[in-house]
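Reviewing the structure listed below.
The values are calculated or read from the model by the stated rules, or taken from the named source; none is laboratory data. Keep in mind the model is a prediction, meaning the values are calculated, not measured. Cβ placement follows ideal geometry from the backbone for every residue including glycine, while neighbour counts extend to all protein chains displayed.
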Amino acid sequence: MVRIGEGWLRWVVGVVLMVFGVFALPSRAYGEIVGVEFLEWKQEMTGTLQIEGGGLQGTQADLQSIGLPEGDYLTQERLWLHWLKSNYLIGTHLDTKRSGTQTLSSPLVFGGVVFAPGETVNSRLELRQDSLLYLYTFLNIPMFRLGIPFGAERLNFSTSVQSTTTGIEGEGDEGGTFPVIGLALSFQPAPIIHISAEGEGMKYQTSGNEFRFYDLRGQVEIHFAPFIGMNFGYRKCVTDADLQNFGVADLTMKGPYATLNFRF
């Protein structure tokens, strides 16, 4: 198990936060080398948490049943580097945080702490998702491109439930790194318009930890001025992790997005 810390990937994302400029294949219409993108995602998160601790198996709890809101607006940054026509280095960083308050309708075991029905709790969930990918476009013809992105995905979960009456808190914090591979395509029906889609994922097991992850997105990209464009699309990301000394997080994030991107 490779534990997630704040070390090398913070440095990579700091350097690479000028790398992921698009969800899919970038255009070479303006001879760009570097792309930067700022994404606004109207996101819905659903799923379950089952957090272990103190030798106790956690209760599988729906996110909304412990007070975590389903909807949120998320800002995400990306950066990519492009060289030798077919090569791209792509980096992305996502950090979503949710918190809420809920009166429990049934018993809850969370992070080694037992909460009784009728108890009011404050809940928190933070998910950090970083990736570093190499994309090679093996088919590049007028109006159409096809490529394969592959690299590493890194996830970190931090969550807690705390009683508003006693102050007792159950928590979990864990993460890991695993490989991903995917497919990216782009169709250009007009010089200023791209229609593109991309997905990457992996089902992976290592050192007793299991990951099932995929990230799918499709978009229309419009260049209304040289070096500046906007994307409008839809994205779905599924993260299912079963980690030792933590438990199980099964999360689905989806929703429409809009981005502003710059290419230099």
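Among residues of the stretch 55-81 that are buried (at least 16 other Cβ atoms within 10 Å of the Cβ), those with a Cβ under 6 angstrom from a residue that is among the charged types (D, E, K, R) and in a strand (DSSP E or B), sequence gap 6+ or separate chain, pair up as Leu68/Arg98; Arg78/Glu37. Just one of the listed residues (Thr252, Thr259) is hydroxyl-bearing (Ser, Thr, Tyr) and at pLDDT 95 or above, and it is Thr252. Checked against (1) at pLDDT 95 or above; (2) within 24 Å of the chain's Cα centre (by Cα), His93 meets all criteria but (1). Taking Gly218, is it in a loop (DSSP other than H, G, I, E, B) and over 18 Å from Leu49 (Cα atoms)? Here the answer is no, as Gly218 does not meet what is asked.
Every residue, every condition in (1) over 27 Å from Asp95 (Cα atoms); (2) in a strand (DSSP E or B), yes or no:
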| site | (1), (2) |
| --- | --- |
| Thr137 | yes, yes |
| Ala152 | no, yes |
| Thr166 | yes, no |
| Glu174 | no, yes |
| Pro179 | no, yes |
| Leu185 | no, yes |
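Name the single residue that is farthest from Gln60 (Cα to Cα) among those in the stretch 103-118 being of a type outside the set (Val, Ile, Thr) and surrounded by fewer than 18 Cβ atoms within 10 Å (Cβ to Cβ). Per the criteria, the residue is Gly118. Within the stretch 51-89, the set of residues being over 21 Å from Met253 (Cα atoms) and within 22 Å of the chain's Cα centre (by Cα) comprises Leu79, Trp80, Leu81, Tyr88, Leu89. Being on the phi < 0 side of the Ramachandran plot, surrounded by fewer than 21 Cβ atoms within 10 Å (Cβ to Cβ), touching an Asp or Glu at 6+ places or on another chain (Cβ under 9 Å) and in a strand (DSSP E or B) is a property that holds for Glu210. Residue count for the stretch 51-70, restricted to those that are modelled with pLDDT under 95 and either in contact with an Asp or Glu (Cβ under 7 Å, 6 or more places away or on another chain) or not in a loop (DSSP other than H, G, I, E, B) (or both): 2.
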